[in-house]
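Here is the structure we will look at, set down as structure tokens.
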Amino acid sequence: MSASAVFRSSRPRGPGALLSSRQAPMKSRVAVIAAALIVLIIVTAAMRLAPGVQFWLAASAQGGDAATLSRILLFDLSMPRVAAALVAGACLAVAGTLFQAITRNPLASPDLLGITGGAQLGLLAAMIVPVLAGVASVPLLFGCGLAAALCVVAAAGWRATPLRLVLAGSVCMLLFSAISTLVLAFFEQSIAGAALWASGSLYQPGASGLKTAMGWLLLPLLVLPFVIRPLNPLVLGDDAATAAGVRIDAARGVAMVVAVGFASVAVSIAGPLSYVGLIAPNLLRQIRGAKSSKLGALVPLSALVGGALVLVTDSAVLVLDLDATLSTGVAIALVGTPLMLAMIRSGAAWAGAMGKEQEPPASAARTRGMLALAAQPWPVIAGGLLLASAALLFVGASLGARMIDPASWLAALDGRDEVTRMLLDLRVPRLLCALLAGGLLAASGVLMQSIVRNPLAGPEVLGVTQGAGLATFIALILWPFAAHSTLAVAALVGGGATLMLTLLLNRRHRYAPLAVALTGLVLGTLWTTLSQWLITQQSVQPARFVVWLVGGTYGRSWGEVMTLLPWCLLALPVLAFLAKPLDLLALGDEQAASLGLPIAVLRPLVLTVATLAACAAVAAVGPVSFIGLMAPHLAAMLGARSHRTRLWLAAVCGALLLALADVAARTLLAPREIPAGVLTAMIGAPYLLALLIMQVQREKRGGR
């Protein structure tokens, strides 16, 4: 070897050469991952289609009806279902990857951004107005999904912290679910189809529907390459992207439209398949070769992972002969939930998100009315609250198709007016039930938020009400005339198991707000999916079950009141006893322990009390949403700081909110009745979204 050759081989490499040397093995790892996924997809599809192909070849040689049947089974059923699994999974994965790149947030996905919930409204519109179905189904779902995404972005902002994104997405999902339930309550003939779609099913559109969806898929596919390139600099931050010549707002807007396009195609084919758009890109980030890949490589790899995940899960459903009872969406939820919980528990998938975590304040505003109220002595405050409750009880029971004046009240109480007495026996118990259950839900929300130090730790967001609702729902299916005590035990088992599982999985994170919120969201989604699947299995009274799952006070009697009353009476001294320890705990674990507070005993005790209160309410009125989340925020907005004030103020707010919802549910569209849980969601969701939007605007004005 010559001296010049030795010199050339020994001189130091420049930065470009070092970068090329690092990119070479990275590209090879990406190629290996892609090849492995492609082989998995090909093998799985071949095993799925092999029996059908053999039958078709044998039948084609014979001709006749057997040939026709084999052709239908292969080309109209088997092959479209395989193609639907691949297309739906790939589209959801691509959409999730794009959303995460837009927001620089590993938690962004079509599920969390409310796109699937908005698409469900589009589906209901297509069911009610058949002219909107068919060719126009994908644009309809696209419009509804885009509106939902814009709603979440407005509430959370482009650069939302993961915690705020979870809150905004959860609120929107609960809102869309409530609106869907309201529509189904008036169009009962669409319940079975909507429940089947909501649980996720690959054989809904058929071959013709799949071809139509594939035609609409061409539009986002053509735009995708032009979207990926400007998104790569966004990973480095807005300043770096601007320096690279990227028009940030335009790039994000176009990318969001394209992502919603992919998600709408997937939803039109298979319904809302939970977690696919969230799991696929985050799984890839755990692999060394794909973790640092650019978006141009991450998007197709995510598409392969999503398609493989859906195809393998659907194939397992067929192999186990569960196709007649278990939909693909439920199976994916059963597979995806352990994966999601393992990723949350390990913290690897959310390592970057955990560091940016911050709790969104509900509101720090103190009103003059609250300051004046807090200055009053306790007897005056208690007397005012009792008067407000009595006034609401009197006015609420008087309103209805037949108004009850004071004279009729007196006559009914004296036993001289039997008709009015019968009306009061129908109206008063449900109002009392609403007051008591609302107070329990609100107190449960305060306790959970205080002990976990998480503004999202209401019983709805932590999945407690969904778990209690599912357990009670199963009890109603098994024993249609079950006693209230049986339903209370079922609710306690479901809610308690959910909470214990959430806390057990998050001990290593010391109950970090983001980890706890994500765990509750995942479990709550699973319980909701299972509840919707159970509705599809029930041929009797589906409307009753749909309405019960959203919660309400219809048909509640004195029996429920007498069951709730002991819980409320027991809660009074318990909450008074816990107020001071909770104030000490708010100072921090170390300082509270130095003051002699037994934290190891206090936490499970408070969570047990909160779970008991929430489950008692769910057993009586169903899984009413937003009371346990909104009432503590209202108390904080009114200026309550100490737990002695916050507990009773939140309980009163919750009681009055649910009672007002009961009156409105009974009178707004009489003689038809709106489920009270729908009204609490339609009131609570806009309120919380407005708080988030105002917080975003304040941050923008402050230059943050």
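Structure notes:
- Cβ pairs under 8 Å, 6+ apart, first in the stretch 46-72 and in contact (Cβ under 8 Å) with a residue 40 or more places away in the chain, second in a helix (DSSP H, G or I) and of a type in the set (Gly, Ala, Ser): MET47/SER315; ARG48/SER78; ARG48/SER315
- Restricting the stretch 460-487 to residues that are crowded, with 24+ Cβ neighbours inside 10 Å and among the small types (Gly, Ala, Ser), the residue that is farthest from ALA517 (Cα to Cα) is ALA471.
- Leading residue by the ranking (modelled with the lowest pLDDT) among those in the stretch 403-422 that are assigned to a helix (DSSP H, G or I) and buried (at least 19 other Cβ atoms within 10 Å of the Cβ): ALA412
- Count of residues meeting criterion [more than 31 Å from the chain's Cα centre (by Cα) and exposed (fewer than 13 other Cβ atoms within 10 Å of the Cβ)] in the stretch 226-241: 3
- Residues in the stretch 615-633 that are assigned to a loop (DSSP other than H, G, I, E, B) and either touching a strand residue (DSSP E or B) at 6+ places or on another chain (Cβ under 8 Å) or more than 21 Å from HIS484 (Cβ to Cβ) (or both): SER625, PHE626.
- THR337 of a type in the set (Ser, Thr, Tyr) and closer than 12 Å to VAL276 by Cα: yes
- Tally of residues being modelled with pLDDT under 85 and exposed (fewer than 12 other Cβ atoms within 10 Å of the Cβ) across the stretch 13-54: 13
- Selection within the stretch 30-75 - of a type in the set (D, E, K, R) and within 35 Å of the chain's Cα centre (by Cα): ARG48
- Output for the stretch 242-252, where each listed residue is in a loop (DSSP other than H, G, I, E, B) and surrounded by 12 or more Cβ atoms within 10 Å (Cβ to Cβ): ALA244, VAL246, ARG247
- Among the conditions (1) in contact with a Leu (Cβ under 6 Å, 6 or more places away or on another chain); (2) farther than 14 Å from GLY439 by Cα; (3) of a type outside the set (Val, Ile, Thr); (4) buried (at least 24 other Cβ atoms within 10 Å of the Cβ), the only one that ALA640 does not satisfy is (4).
Quick grid of which residues meet (1) of a type in the set (Val, Ile, Thr); (2) in contact with a helix residue (DSSP H, G or I) (Cβ under 9 Å, 6 or more places away or on another chain):
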| site | (1), (2) |
| --- | --- |
| VAL574 | yes, yes |
| PRO581 | no, yes |
| GLY588 | no, no |
| GLN591 | no, yes |
| LEU597 | no, yes |
| VAL601 | yes, no |
| LEU605 | no, yes |
| ALA613 | no, yes |
| ALA620 | no, yes |
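- Check on LEU564, at pLDDT 85 or above and within 18 Å of GLY469 (Cα to Cα): yes
- Any hit, the stretch 612-635, residues being modelled with pLDDT under 85, over 24 Å from the mean Cα position of the chain (by Cα) and under 22 Å from LEU462 (Cβ atoms): yes
- Residue check: THR680 meets all listed conditions (1) modelled with pLDDT under 85; (2) under 22 Å from the mean Cα position of the chain (by Cα) but one, namely (1).
- Top-ranked residue in the stretch 581-633 [being among the acidic types (Asp, Glu) and without any contact (Cβ under 8 Å) to a residue 40 or more places away in the chain; ranked as surrounded by the fewest Cβ atoms within 10 Å (Cβ to Cβ)]: GLU590
- Residue check, ARG698 modelled with pLDDT of 80 or more and either surrounded by fewer than 18 Cβ atoms within 10 Å (Cβ to Cβ) or within 19 Å of ARG164 (Cβ to Cβ) (or both): no
- Of the residues ALA661, ALA636, the single one that is assigned to a helix (DSSP H, G or I) and touching a Gly at 6+ places or on another chain (Cβ under 9 Å) is ALA661.
The values are calculated or read from the model by the stated rules, or taken from the named source; none is laboratory data. No experiment lies behind these values; they were computed from the predicted model shown. Glycine also receives a Cβ, built like all others from the backbone with ideal geometry; neighbour counts cover every protein chain displayed.
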